[in-house]
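Enquirer: Structure incoming, see below.
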Amino acid sequence: EEPVRIVHLSDLHYNKLSAEFLASVIKEVNNLEPDYVLVTGDFLQKVGEVGELKDLLEGLRAKNMVFYVLGNHDFWIGGEEAICEALDNLGWVRLNGRFFETEKVLFFGTERPWGKEENLTLPKSEKLKIALAHDPDEWENTAALGADVTMSGHTHGGQVRFGLFGPLILPSQKGALRAERVLCKDEHILLISRGLGKPYIRFCNPTEISLLDVRR
């Protein structure tokens, strides 16, 4: 059976200084020839640069679809409407409290605790269920809904890492456990991306494109 190839991107935090870097990321993603691309929020630093980000993301290619959720920073800068309009115009699908069922995978997403959404009920399905959640602390909630795999970001890998001291900046109630890693509990998997953002300090903490070839 041919696997479903999925690329996960998170925490772009786009600004003018990162345009060249993001263009190289898009080229690398296209070379991977994914069936689906999943983007888990924090797109922009400033709302006024949404047009430039859209122009770059227009070059991103997936054989089937691109799914996304927003992150806390997208709400904090007041960019929800502008970002969603731009991405919707690219044909991307927002999964805020919604699901989308494909031939082999059922995708769904949440923007909690920052976004507002209706309570989600998933249909009964034996398909692989993949959740998008910017905040890794939503893992327990997505797992309770039936997610086999939850894709998240938000913690930036701790941003700065010093050997045995590990990650220093941890916007998670679970601390270093959810800085960047793969976690598994009761057959539910959480994959936390270090993200792509460069407008802040990173030390011993490289940016990340996540690639998954999944089979049921």
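The values are calculated or read from the model by the stated rules, or taken from the named source; none is laboratory data. Owing to the predicted nature of the structure, the values given are computational and were not obtained by experimental measurement. Every residue, glycine among them, receives a Cβ derived from its backbone with ideal geometry; neighbour counts consider all protein chains shown. These accessible areas exclude ligands, DNA and RNA; they are computed on the full protein's heavy atoms, side chains included. Shrake-Rupley method; radii C 1.70, N 1.55, O 1.52, S 1.80 Å.
Enquirer: If a residue has to be in a helix (DSSP H, G or I) and open to solvent by 30 Å² or more (accessible area, probe 1.4 Å) to count, how many in segment 34-49 make the cut?
Expert: 2
Enquirer: Quick check: anything in segment 59-78 closer than 17 Å to HIS134 by Cβ, outside any helix (DSSP H, G or I), open to solvent by less than 20 Å² (accessible area, probe 1.4 Å) and β-branched (Val, Ile, Thr)?
Expert: Yes, some residue in segment 59-78 is closer than 17 Å to HIS134 by Cβ, outside any helix (DSSP H, G or I), open to solvent by less than 20 Å² (accessible area, probe 1.4 Å) and β-branched (Val, Ile, Thr).
Enquirer: If you check GLY109, GLY115, which single one turns out to be crowded, with 18+ Cβ neighbours inside 10 Å, touching a Phe, Trp or Tyr at 6+ places or on another chain (Cβ under 8 Å) and in a loop (DSSP other than H, G, I, E, B)?
Expert: GLY115
Enquirer: Which residue out of ALA19, ALA62 is touching an Asp or Glu at 6+ places or on another chain (Cβ under 9 Å), of a type in the set (Gly, Ala, Ser) and over 26 Å from THR150 (Cα atoms)?
Expert: When all the criteria are applied, what remains is ALA19.
Enquirer: Scan segment 141-158 residue by residue and report those that are open to solvent by 10 Å² or more (accessible area, probe 1.4 Å), in contact with a Lys or Arg (Cβ under 9 Å, 6 or more places away or on another chain) and assigned to a helix (DSSP H, G or I).
Expert: Scanning segment 141-158 gives ASN141, ALA143, LEU145, HIS156.
Enquirer: Only one of these conditions is not met by VAL7: (1) closer than 28 Å to LYS104 by Cα; (2) free of Cβ contacts under 8 Å to residues at least 60 places away in the same chain. Which number is it?
Expert: (2)
Enquirer: Let me ask something else. Of the conditions (1) modelled with pLDDT under 55; (2) in a loop (DSSP other than H, G, I, E, B); (3) open to solvent by 50 Å² or more (accessible area, probe 1.4 Å), PRO206 clears all except one; give me its number.
Expert: Answer for PRO206: the failing condition is (1).
Enquirer: Looking at this structure, is LEU132 of a type outside the set (Lys, Arg) and in a loop (DSSP other than H, G, I, E, B)?
Expert: Spelling it out, it is not the case that LEU132 is of a type outside the set (Lys, Arg) and in a loop (DSSP other than H, G, I, E, B).
Enquirer: If I filter segment 30-51 for residues that are farther than 13 Å from LEU12 by Cβ, hydroxyl-bearing (Ser, Thr, Tyr), touching a residue at least 12 places away in the same chain (Cβ under 8 Å) and in contact with a Phe, Trp or Tyr (Cβ under 8 Å, 6 or more places away or on another chain), do I get at least one hit?
Expert: yes
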